[in-house]
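The structure appears below as structure tokens.
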Amino acid sequence: MKIAIMGAGSVGGYYGGILKKVGLDVTLICRGTHREAITSRGLILKSHWGDFNIMIPSEEDPKNIGKVDLIIFTPKLYSNYIAIPQMEPLVHSKTIIITIQNGVSSHKQLSDYFGIDKVIPAATYIESEILEPGVIQQKGPTAVIEIGEINKEHSDRLNKIHSLLTSKYLKIIISEDIILSLWNKMISIGSVGTIMTSFRSSFIEVMKLQNGEEILRGTMREIFNVGRSIGVNLDENIIEEKINDLKKEGDAITASLQTDFTNNKPLEIDFILGYVVNLAKEKGINCPYSTTLVASLDRYKKGTVNEQNP
């Protein structure tokens, strides 16, 4: 099977490197100094399972790769309007696209463009970052991709992907309800990441604020209510379970939104909690916490972090 990693940054780069390490035919699609470093010295992975220098093909233009059987789609959400059309040269009649982006709407964009039969929604659970061009660090024992069919079918292609991609470096889970899984994840990333970024604080610092836990709980409840309004069968106990788990993790909690903010990069806010706020407006659901948090980051969403000169 020929595989392409579209947008091979910290997450896609790790997965692409690991798949190449276990012997699969993988090409990274990336650009700039990151790609230059990978081309000249290989991809360096620093992981929970050891450090590896992996020689792996990389291209900036998908046209240089040709048709592939599997695309793992990992760009930032705000790049979709560019990245999705760019994939056309990669796609043949049986190509499968797995999208492991944040949020809950990525699979809809891909399905609208390529057809629902080509797309497998997925949620990923991994902590990784680019330390320098060509060097990716993955932390902790978790590197998981949870995949599922939109219609909840346990299909043959899910089984094949599970068998092909699973290794000690990457766990593949087949979800019985991937849309539920995406919304379960949204309750965490939509609230925690946005609050930490808006307050310029760690999770522990947020929880020490006089009303910090109330803001967290309220934002989670709003996401829960919006998900329920469109028929997602979210469990009533999910909020308490998530808050208890978050408290156990403490200062180990990181958020990609906050990392992007700190590094003066564009923010995915419009496509994560902002997506929930827009959906709430359509459904007539009041979301004061979420609306305020999204508004607080609006002027920074293009990467304008210099608060002295916004």
For residue 232, only one of the following conditions fails: (1) assigned to a helix (DSSP H, G or I); (2) at pLDDT 95 or above. What is its number?
(1)
Filtered residue count, the stretch 230-285, keeping only those that are more than 16 Å from residue 296 (Cα to Cα), open to solvent by less than 50 Å² (accessible area, probe 1.4 Å) and not hydrophobic (A, V, I, L, M, F, W, C):
2
Close pairs from the stretch 216-235: first in contact (Cβ under 8 Å) with a residue 60 or more places away in the chain, partner open to solvent by 10 Å² or more (accessible area, probe 1.4 Å), Cβ under 6 Å, at least 6 apart:
218/289; 219/289; 222/289; 225/285; 226/279; 226/285
On the basis of being touching a residue at least 24 places away in the same chain (Cβ under 8 Å) and touching a strand residue (DSSP E or B) at 6+ places or on another chain (Cβ under 6 Å), does residue 139 make the cut?
yes
Tell me which residues, restricted to the stretch 34-71, are over 21 Å from residue 168 (Cβ atoms) and open to solvent by 70 Å² or more (accessible area, probe 1.4 Å).
36, 39, 40, 41, 60, 63, 64, 67
Answer yes or no as to whether residue 290 is modelled with pLDDT under 95, touching an Asp or Glu at 6+ places or on another chain (Cβ under 8 Å) and either charged (D, E, K, R) or closer than 24 Å to residue 77 by Cβ (or both).
no
The one condition in (1) out of contact with any Asp or Glu (no Cβ under 6 Å at 6 or more places or on another chain); (2) touching a residue at least 24 places away in the same chain (Cβ under 8 Å); (3) within 21 Å of residue 268 (Cα to Cα) that residue 201 fails to fulfil:
(2)
Suppose the filter is among the small types (Gly, Ala, Ser) and closer than 18 Å to residue 222 by Cα; does residue 256 pass it?
no
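Out of 180, 158, 164, report the one residue that is more than 26 Å from residue 46 (Cα to Cα), more than 18 Å from the chain's Cα centre (by Cα) and surrounded by 15 or more Cβ atoms within 10 Å (Cβ to Cβ). Explain how you work it out, then say what you get.
Details: 180 fails: more than 18 Å from the chain's Cα centre (by Cα); 164 fails: more than 26 Å from residue 46 (Cα to Cα).
Exactly one residue qualifies, and that residue is 158.
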Assuming residue 207 fulfils every condition listed in (1) assigned to a helix (DSSP H, G or I); (2) touching a Lys or Arg at 6+ places or on another chain (Cβ under 9 Å); (3) open to solvent by less than 30 Å² (accessible area, probe 1.4 Å) apart from one, which condition is it?
(3)
Return the total of residues in the stretch 127-152 being open to solvent by 10 Å² or more (accessible area, probe 1.4 Å), under 28 Å from residue 115 (Cα atoms) and not acidic (Asp, Glu).
4
Does the stretch 214-222 contain any residue that is surrounded by fewer than 18 Cβ atoms within 10 Å (Cβ to Cβ), of a type in the set (S, T, N, Q) and in a helix (DSSP H, G or I)?
no
Considering only residues that are more than 15 Å from residue 170 (Cβ to Cβ) and open to solvent by less than 20 Å² (accessible area, probe 1.4 Å), look in the stretch 9-33 and name the one that is farthest from the chain's Cα centre (by Cα).
27
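Hey, among 179, 195, which residue is among the β-branched types (Val, Ile, Thr), part of a helix (DSSP H, G or I) and closer than 20 Å to residue 116 by Cα?
Values: 195 fails: closer than 20 Å to residue 116 by Cα.
After applying the criteria, what remains is 179.
Could you tell me whether residue 173 is open to solvent by 40 Å² or more (accessible area, probe 1.4 Å) and either in contact (Cβ under 8 Å) with a residue 40 or more places away in the chain or in a helix (DSSP H, G or I) (or both)? Break it down into steps so the answer makes sense when it comes.
Details: open to solvent by 40 Å² or more (accessible area, probe 1.4 Å): yes; either in contact (Cβ under 8 Å) with a residue 40 or more places away in the chain or in a helix (DSSP H, G or I) (or both): no.
So residue 173 does not fit the description; no.
The values are calculated or read from the model by the stated rules, or taken from the named source; none is laboratory data. In this text the structure is predicted, and so the values were computed from the model without any measurement. Ideal geometry is used to build each Cβ from the backbone, glycine not excepted, and the neighbour counts take in all protein chains shown. Remember, those area values only see protein heavy atoms, side chains included, never the ligands or the DNA or RNA. Shrake-Rupley method; radii C 1.70, N 1.55, O 1.52, S 1.80 Å.
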